[in-house]
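Have a look at the structure below, then the notes.
The values are calculated or read from the model by the stated rules, or taken from the named source; none is laboratory data. Everything numeric in this text was worked out from a predicted model, so none of it was measured. Virtual Cβ from ideal backbone geometry, glycine too; neighbours counted across all protein chains shown.
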Ligand code: EPZ
């Protein structure tokens, strides 16, 4: 149980390199379960969640070797199509094995993910898709039991869902016949998954659009892949640079994956220098308030909502931030208030007053992105902040404190019981 000690108000400058994307590698690892063969993944981020997925795959029978951001996966030995509650309760993305296991084995047992402090996060769309592909789905002791050889079908998603699109896509590539997914998610992580499946021999048309056509195959094969850079990590550093930076260069920031954010940053008065996969950012003398509402890609990501709120505490005036994807994803608001932020929360809408001088204080992480917003706020706060439970950050950011220290931030990881000497 570690915490971060951050001394605020040190300008950031220099270069930072972005790691591979957590939300791209997790479904790709699961996809390798589809066919007994060997797979090699490069630029894999070393995160708690990557290790959890590797552990789950070993329980299913795979062999995983992970060193220096390179992962070798051997799924020829998989013989236990099951995802136990102990794994799924620690990471919802474990549910991504449902489609591949049902597709390969024609039967599997996958624990339902538990609750989440952002309110209900159902998996009804995942189950609807599996049923549409002909799986017999039952619930037994908190486990989804899926049985039956899959057949192609027409799957329409009422709500755009990254996870359900991923599971349906993986299940459809070995299903007999044609499958059409409509209102499918088109996040870069889904496009990355579809490209990986194509490399395995799958037939998928319409990649990058909301309509995907899949022609079921009898066989697939192993392959090799480079994981895309993490757009949420890149965006977090871009916002840090806009709050406290002086020519901060972000390597691995794919402009085409960040259009909504870059547009909002420029609307706030931030000057960006863009070149191939490198974006340079500095804090302008004044920041303009910019309202923001989250939406499925290419809209503004909900995974950047908390960071935008922290950013808007420094803007000249008030801004309205609405989350239309997760209506209760505001656990960071009371923590930011401990640093002096002025935020009024009504339902899924936060009104942020700025500019506010933030003052360092002890605060608590509650989830990956909420804790990232606390780090951003602490970087511009006067004095010392302690951010506890940073294991939340370790789930989604690779050595974030070392990366910020590399940009000149005064940030340190210490044990939870470490006492900060005041004055
Ligand atoms: C993915 O979660 C990401 N996780 C999340 O990032 C991200 O917040 C989310 O997409 C939205 O962008 C991973 O990729 C591992 P959804 P996922 O299914 O797939 C509703 C992070 O911080 N819904 O797109 O679980 C759901 O309640 C994480 O890295 C249903 O109603 O999200 C939500 O309102 C947090 N029924 C909306 O759809 C379903 O069966 C979008 O959820 C599925 C989803």
Handout entry: Evaluation of residue 278 against (1) more than 20 Å from residue 377 (Cα to Cα); (2) within 16 Å of the ligand (Cβ to nearest atom); (3) surrounded by fewer than 21 Cβ atoms within 10 Å (Cβ to Cβ) (one fails), failing number
Key = (2)
Exercise for the section: Just one of (1) surrounded by 18 or more Cβ atoms within 10 Å (Cβ to Cβ); (2) not in a helix (DSSP H, G or I) trips up residue 66, so point out which. Expected result: (1)
Completion exercise
Only one of (1) buried (at least 19 other Cβ atoms within 10 Å of the Cβ); (2) more than 28 Å from residue 255 (Cα to Cα); (3) in contact with a strand residue (DSSP E or B) (Cβ under 8 Å, 6 or more places away or on another chain) does not apply to residue 131, and that is (1)
Practice task
List every residue pair whose Cβ atoms lie under 7 Å apart, where the two residues are 6 or more positions apart in sequence or sit on different chains, the first residue falls within segment 396-423 and is in a helix (DSSP H, G or I), and the second residue, located anywhere, is modelled with pLDDT under 95.
Solution key: none
Problem - Those residues of segment 357-378 which are surrounded by fewer than 20 Cβ atoms within 10 Å (Cβ to Cβ) and over 14 Å from residue 391 (Cβ atoms), in sequence order - result: 357, 359, 361, 362
Practice task
List the strands (runs of 3 or more DSSP E) that sit entirely inside segment 297-378 and contain at least 2 residues that are more than 16 Å from the ligand (Cβ to nearest atom) and closer than 20 Å to residue 241 by Cβ.
Solution key: 349-354
Handout entry: Near pairs, Cβ below 6 angstrom, 6+ apart or cross-chain, from segment 113-137 (at pLDDT below 95) to any residue that is within 9 Å of the ligand (Cβ to nearest atom) and part of a loop (DSSP other than H, G, I, E, B)
Key = 118/326; 118/329
Handout entry: residue 204 vs. criteria under 18 Å from residue 274 (Cβ atoms) and in contact with a strand residue (DSSP E or B) (Cβ under 9 Å, 6 or more places away or on another chain)
Key = no
Problem - Members of segment 272-296 that are at pLDDT 95 or above, within 18 Å of residue 237 (Cα to Cα) and assigned to a loop (DSSP other than H, G, I, E, B) - result: 282, 283, 284, 287
Practice task
Please report, ordered by residue number, the strands (runs of 3 or more DSSP E) entirely within segment 83-168 with at least 1 residues that are within 17 Å of residue 182 (Cβ to Cβ) and within 14 Å of the ligand (Cβ to nearest atom).
Solution key: 154-156
